[in-house]
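The values are calculated or read from the model by the stated rules, or taken from the named source; none is laboratory data. These numbers were taken from a predicted model, which means no experiment stands behind them. Positions of Cβ are generated from backbone atoms using ideal geometry, with glycine treated the same way; all protein chains shown enter the neighbour counts.
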Number of protein chains: 2
Amino acid sequence: MRKINIGLIGFGTVGTGVLKILRSNSKMIRERLGASIVVKKIADLDIKSDRGIKINKGLLTTSVEEIINDPSIDLVVELIGGFEPAKTILLSAVNKGKHVVTANKALLAGYGIELLKAAHKRKVDIGFEGSVAGGIPIISAIKEGLSANQIRFVLGILNGTANYILSKMTNEGGKFKDILKEAKQQGYAEKDPTLDIDGLDTAHKLAILINMAYGTTITFKEIYTEGISHIEPLDIEFARELGYRIKLLAISRQINGQVEARVHPTLIPVTHLLSKVEGTYNAIFIDGDAAGPSMFYGKGAGMMPAASAVVSDIIDISRNIVREINHRVPMFSYQREFLKKVKIKNIKDVVTRYYLRFSVVDCTGVLSKISGILGRHNISIHSVIQKSRRVKGVVSIFLLTHEARDADVRKALNEIDRLSVVQDKTMLIRIEDL
Amino acid sequence: MRKINIGLIGFGTVGTGVLKILRSNSKMIRERLGASIVVKKIADLDIKSDRGIKINKGLLTTSVEEIINDPSIDLVVELIGGFEPAKTILLSAVNKGKHVVTANKALLAGYGIELLKAAHKRKVDIGFEGSVAGGIPIISAIKEGLSANQIRFVLGILNGTANYILSKMTNEGGKFKDILKEAKQQGYAEKDPTLDIDGLDTAHKLAILINMAYGTTITFKEIYTEGISHIEPLDIEFARELGYRIKLLAISRQINGQVEARVHPTLIPVTHLLSKVEGTYNAIFIDGDAAGPSMFYGKGAGMMPAASAVVSDIIDISRNIVREINHRVPMFSYQREFLKKVKIKNIKDVVTRYYLRFSVVDCTGVLSKISGILGRHNISIHSVIQKSRRVKGVVSIFLLTHEARDADVRKALNEIDRLSVVQDKTMLIRIEDL
């Protein structure tokens, strides 16, 4: 039986998971693939720590070159993460003619087109199912399962840490910073959770999904991104009263060749399936012109779900290696010559509905002043509720708008926040009425 | 640019949808595939009816042979449905060396292994994504996206008509037969909805999912199947009070090499995502040993969702045709030589929890008699509620059991239903506490 030799670079959590699957399910993988996958070498700076898995010491090396320069290795698995040295290592593996599997979302979202060019030059495949939504096979669903469809929109809950915190705030109450602290203690948040809570990790993943869905080559830097650390229990509570849940949502739409791309906390109706995605789970909601709305749900992170995606890529590329073919499915869904440059719509031009919370002193005429300013900026009010509950002399006015242009809303809020009766910066959360 | 010539056999709803997609999305498909798909011929007994789509008359024929014997046709799409003549036609296309795409679940679920043998002999591919859950790419998710996983269980809501009726009974109330009548008028149920409401259509689909998930070759005849026509508003209502929804569920588990396979109405907790799958939507909930639980949700039927799956198969096989390869992914997930014969667990040996509704005369000592019989058959009671509401002198006792063996429950009910105080056959619905 044909053997596929692989080298693992980066032996952290996901790398350990990959080795676990390749061992425990080796018979099954052989029976599916018709070839066997052999781990020839594992490189990591730390080859001393106990990963809770028995390992032949000869398998380990601190030298990446030992893998990249080994002509018997067909496929390199890059699990270092981040931009460098991952990028240099990945590109040198490709330049040596090795296929690559990676879960590196930052790299794909920042330098995807560069990787694609290198892969084309050397006629190798790059698999990256593990870069978005862990165990959910969403990359292959978009590239292959839904290949008959013009994708109209992609919405996603793509960060488990952020979703865990918002779910906990919703279901059990509590302030953002207290729950984040608890999440760190329980291992649901990393020591430095910045990328997760400021939305950047979600933006990385959305950039990849957008490129797969529309055949484009954007980078994550083009995506408007807001995090969740400013969300207060008051907002969660009031959203609930209005029949909404607050989720950190990745949003992308293709309308008339223009692409909308943004990541921010969002009110979504409690009647929508996406609002039921709780805790560390991820979900992607896609609308295709033929298939209609679909949703893909599962574990977005963790050792074994991420390793599931990486190993499915190893198997997928091995099927090509066995048949001596490559680029059977284009890396970015569309054949390279048909990839389109698109202009992402500026956030200022995005039209949506808004949830606004004003913190004002409790006196007559305040609402009239606020609604007057909104009106002057073409923002019409859907509903408004003034809470009598006073916190330190301040009351909250909750307001939902009809559809309005982002730039208009910003201008209005700038004006409103300068009113002497307004005590704090107005809270703005966008609404998706799915 | 390379052209792939296809022939369409069966020009009904789905066939029309396929033609619509191939026309409206032809540019996109070319840009994804790097080849163009040309419909060379369409065969149907009826070539007169208006399908609401412009068509060159030279494209139509009543003769299947014109397609099968055309050496320029690379791929045949079979959309006749049912066993015959579909089976003969499909096999003759394969025997002529043509790849086949089909949405024929009955054929796959009844004669899958025969089709596989023929495809192997002639080295052609057979795609059947459209046979299960329409627009949801579940076949490829199991065969490829989750290929690193031992699948532990597959649960599915796989029939839109049955789910529509049960959802409507739950959300708006009403009797089964009235809602079925309404569903027929509104086009949500076929004129003869037998296959949908008696569970057989679901069993067809479950047989296919089981074979894909475990690498086996069972047929739908081995699956224990119950329909939904006996479900009463009383059951829906009481399930709701207990925190459950009733769904027609396809259930399959692999435990110690034994496979459990059954289709029946099932109480599932309202807290579980599957219970939120409403109306004509389908969903498949899968547990893999690495990826963990995932759910795939979308439109399970209808012209365009089904056509989305068929066209994705056409594209997938075309990628192989262009590269002159075949059987890149084995038809039943596992390489043919590793397909396993499994024994489906007899329903009598299945252990689960039960919802039981007894219709009894309102007198003292009834519950004691019933619980005595249950106890003698090793069935222990989880909870019991006796409703005071009397209908024609009969009251209902609702009872949930702990886990019990099916055979024991049957024996106990046989005994109970012979009691003089019992006025009607006891209602039994199984529970899945997900």
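Looking at B:A43, is it of a type outside the set (S, T, Y), out of contact with any Ser or Thr (no Cβ under 9 Å at 6 or more places or on another chain) and surrounded by 18 or more Cβ atoms within 10 Å (Cβ to Cβ)?
Details: of a type outside the set (S, T, Y): yes; out of contact with any Ser or Thr (no Cβ under 9 Å at 6 or more places or on another chain): no; surrounded by 18 or more Cβ atoms within 10 Å (Cβ to Cβ): yes.
Criteria not met by B:A43.
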_Among the candidates A:F11, A:F83, residue that is assigned by TED's automatic domain parsing to the domain that holds A:I314, under 23 Å from A:P305 (Cβ atoms) and assigned to a loop (DSSP other than H, G, I, E, B)_ = A:F11
*Residues (within 20 Å of A:G298 (Cα to Cα) and without any contact (Cβ under 8 Å) to a residue 40 or more places away in the chain) located in segment A:255-284*: A:V270, A:T271, A:L273, A:S275, A:K276
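Could you say which residue among B:Y334, B:Y354 is assigned by TED's automatic domain parsing to the domain that holds B:H120 and surrounded by 15 or more Cβ atoms within 10 Å (Cβ to Cβ)?
Details: B:Y354 fails: assigned by TED's automatic domain parsing to the domain that holds B:H120.
Answer to the check: B:Y334.
If I filter segment A:357-386 down to residues being part of a strand (DSSP E or B) and buried (at least 17 other Cβ atoms within 10 Å of the Cβ), which single residue comes out as nearest to the chain's Cα centre (by Cα)? Don't jump to the end; show me each part of the working.
Just the residues of segment A:357-386 that are part of a strand (DSSP E or B), to begin with: A:357-361, A:381-386.
Those still in the list that are buried (at least 17 other Cβ atoms within 10 Å of the Cβ) too: A:357-360.
Working: A:R357: 27, A:F358: 30, A:S359: 32, A:V360: 36 Å.
Among residues in segment A:357-386 that are part of a strand (DSSP E or B) and buried (at least 17 other Cβ atoms within 10 Å of the Cβ), the one nearest to the chain's Cα centre (by Cα) is A:R357.
In segment B:104-122, what count of residues is obtained for those that are in a loop (DSSP other than H, G, I, E, B) and within 14 Å of B:L75 (Cβ to Cβ)? Steps first, please.
Of the residues in segment B:104-122, the ones in a loop (DSSP other than H, G, I, E, B) are B:104, B:122.
Imposing the further condition that a residue be within 14 Å of B:L75 (Cβ to Cβ) reduces the set to B:122.
So the count comes out to 1.
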*asked:* Looking only at segment B:303-341, how many residues end up being touching a Gly at 6+ places or on another chain (Cβ under 7 Å) and part of a loop (DSSP other than H, G, I, E, B)?
replied: 5
*Which one is surrounded by the fewest Cβ atoms within 10 Å (Cβ to Cβ) among residues in segment B:260-284 that are more than 9 Å from chain A (Cβ to nearest Cβ) and of a type in the set (A, V, I, L, M, F, W, C)?*
B:V270
*Of these, B:D196, B:D201, B:D192, which one is away from chain A (no Cβ under 14 Å), more than 30 Å from A:V18 (Cβ to Cβ) and more than 16 Å from the chain's Cα centre (by Cα)?*
B:D192
_Check on A:N320, buried (at least 19 other Cβ atoms within 10 Å of the Cβ) and either among the polar types (S, T, N, Q) or modelled with pLDDT of 95 or more (or both)_ = yes
*Enumerate the pairs (first residue in segment A:405-434 and polar (S, T, N, Q); second residue anywhere and outside any helix (DSSP H, G or I) and surrounded by 19 or more Cβ atoms within 10 Å (Cβ to Cβ)) with beta-carbon separation below 6 Å, excluding pairs fewer than 6 apart on the same chain, so at least 6 apart or on different chains.*
A:Q423/A:S359; A:T426/A:L356; A:T426/A:F358
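Quick grid of which residues meet (1) in contact (Cβ under 8 Å) with a residue 24 or more places away in the chain; (2) within 13 Å of chain A (Cβ to nearest Cβ); (3) crowded, with 24+ Cβ neighbours inside 10 Å; (4) assigned to a loop (DSSP other than H, G, I, E, B):
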position	(1), (2), (3), (4)
B:V124	yes, no, yes, yes
B:G130	yes, yes, yes, no
B:G134	yes, yes, yes, yes
B:I139	yes, yes, yes, no
B:K143	yes, yes, no, no
B:A148	yes, yes, yes, yes
B:V154	yes, no, yes, no
B:A162	yes, no, yes, no
*Do the conditions hold for A:M295, that is, is it without any contact (Cβ under 8 Å) to a residue 40 or more places away in the chain, under 18 Å from the mean Cα position of the chain (by Cα) and either facing chain B (nearest Cβ under 9 Å) or surrounded by fewer than 20 Cβ atoms within 10 Å (Cβ to Cβ) (or both)?*
yes
*asked:* I need the full set of residues from segment A:332-359 which are closer than 20 Å to A:R405 by Cβ and of a type in the set (V, I, T), in order please.
replied: A:I344, A:I347, A:V350, A:V351, A:T352
*Residue match in segment A:117-126 (condition: of a type in the set (K, R), on the phi > 0 side of the Ramachandran plot and at pLDDT 95 or above)*: yes
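Limited to segment A:391-433, what total is found for residues that are of a type outside the set (D, E, K, R), touching a helix residue (DSSP H, G or I) at 6+ places or on another chain (Cβ under 7 Å) and in a loop (DSSP other than H, G, I, E, B)? Walk me through it before giving the result.
Here is the first cut: in segment A:391-433, the ones of a type outside the set (D, E, K, R) are A:391, A:393-402, A:404, A:407, A:409, A:412-414, A:416, A:419-423, A:426-429, A:431.
Filter once more, so that each one left must be touching a helix residue (DSSP H, G or I) at 6+ places or on another chain (Cβ under 7 Å): A:396-398, A:407, A:412, A:416, A:419, A:421-422, A:426-429.
With in a loop (DSSP other than H, G, I, E, B) added as a condition, the list becomes A:419, A:421, A:426.
Total meeting the criteria: 3.
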*Restricting to segment A:46-70, what's the tally of residues that are under 32 Å from the mean Cα position of the chain (by Cα), surrounded by fewer than 16 Cβ atoms within 10 Å (Cβ to Cβ) and more than 16 Å from A:V14 (Cα to Cα)?*
3
*With B:K425, B:K411, B:K392 as the choices, which residue is out of contact with any Phe, Trp or Tyr (no Cβ under 9 Å at 6 or more places or on another chain), surrounded by fewer than 19 Cβ atoms within 10 Å (Cβ to Cβ), modelled with pLDDT under 95 and not assigned by TED's automatic domain parsing to the domain that holds B:T219?*
B:K392
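Has segment A:46-61 got any residue that is part of a helix (DSSP H, G or I) and not charged (D, E, K, R)?
For segment A:46-61, residues part of a helix (DSSP H, G or I) and not charged (D, E, K, R): present.
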*What number goes with the only condition from (1) facing another protein chain (nearest Cβ under 9 Å); (2) farther than 30 Å from A:G173 by Cβ; (3) charged (D, E, K, R) that A:R336 does not pass?*
(1)
*Can you confirm whether segment A:86-101 contains a residue that is outside any loop (DSSP other than H, G, I, E, B), within 15 Å of the chain's Cα centre (by Cα) and surrounded by 24 or more Cβ atoms within 10 Å (Cβ to Cβ)?*
no
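Somewhere in segment A:75-82, is a residue over 27 Å from B:N149 (Cβ atoms) and either within 14 Å of chain B (Cβ to nearest Cβ) or hydroxyl-bearing (S, T, Y) (or both)?
To start, the set of residues in segment A:75-82 that are over 27 Å from B:N149 (Cβ atoms) comprises A:82.
Cutting the leftovers down to either within 14 Å of chain B (Cβ to nearest Cβ) or hydroxyl-bearing (S, T, Y) (or both) gives us none.
No, segment A:75-82 contains no residue that is over 27 Å from B:N149 (Cβ atoms) and either within 14 Å of chain B (Cβ to nearest Cβ) or hydroxyl-bearing (S, T, Y) (or both).
What number of residues in segment A:19-38 are of a type in the set (V, I, T) and either away from chain B (no Cβ under 14 Å) or assigned to a loop (DSSP other than H, G, I, E, B) (or both)?
Here the count works out to 1.
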*How many residues are without any contact (Cβ under 8 Å) to a residue 60 or more places away in the chain and not in a helix (DSSP H, G or I) when one looks only at segment B:228-254?*
2
